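The values are calculated or read from the model by the stated rules, or taken from the named source; none is laboratory data. A quick note: this is a predicted structure, and the numbers were derived from the prediction, not measured. A quick note on method: Cβ atoms are made from the backbone with ideal geometry, for glycine too, and the neighbour counts reach across all protein chains shown.
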Amino acid sequence: MLTIGQFSKIAQVTTKSLRYYDQIGLLKPAYLAKENGYRYYSTSQLEEVLFIQRLKEYDFSLNEIKAVIANSQLLKPLIEKKIYETAQLMQKYSYLLTRMKTDINNLTKGGNFMLNARDFVVEVVDNQKMNIFSIRKKMNVKLWECSW
């Protein structure tokens, strides 16, 4: 058995995190001393804490990790979801990085920071007055509820 301090050093997790994991039921200590409340962990729990750390590295929430531990069938779909979300973020940051480099280039050349080839030109135009017809109806929202 390892004390919480020993276990935290080996697993490279803070004792505060281990106490919180215990509190939320994510990782319970193998033994809890009744006389002083000290937490003790077994070496077999190292694999569990490393698994939790890996999922945290993938930006899984603690609730998602708890769900995966309860049902391992959720792991693959949740990782696939994280892959998609990460790809979306990479695309967003790639665009932002390109835009920032363009802005820096414009500033270096003494140009306008806000001018970009992708910016839109705004033109104010007067339109003729026109009549618009519409129909208002009241409906019951419960009729439109779906059971997806």
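Here is how the numbers come out for the structure above:
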| read-out | value |
| --- | --- |
| Where LEU2 falls short, out of the listed (1) loosely packed, with under 15 Cβ neighbours inside 10 Å; (2) at pLDDT below 95 | (1) |
| Residue in the range 8-36 that is surrounded by the most Cβ atoms within 10 Å (Cβ to Cβ), counting only those that are within 20 Å of LYS66 (Cα to Cα) and of a type in the set (Val, Ile, Thr) | VAL13 |
| Residue match in the range 94-106 (condition: within 30 Å of LYS16 (Cα to Cα), out of contact with any Lys or Arg (no Cβ under 6 Å at 6 or more places or on another chain) and at pLDDT 85 or above) | no |
| Count of the range 43-79 residues which are in a helix (DSSP H, G or I), of a type in the set (Asp, Glu) and touching a residue at least 12 places away in the same chain (Cβ under 8 Å) | 2 |
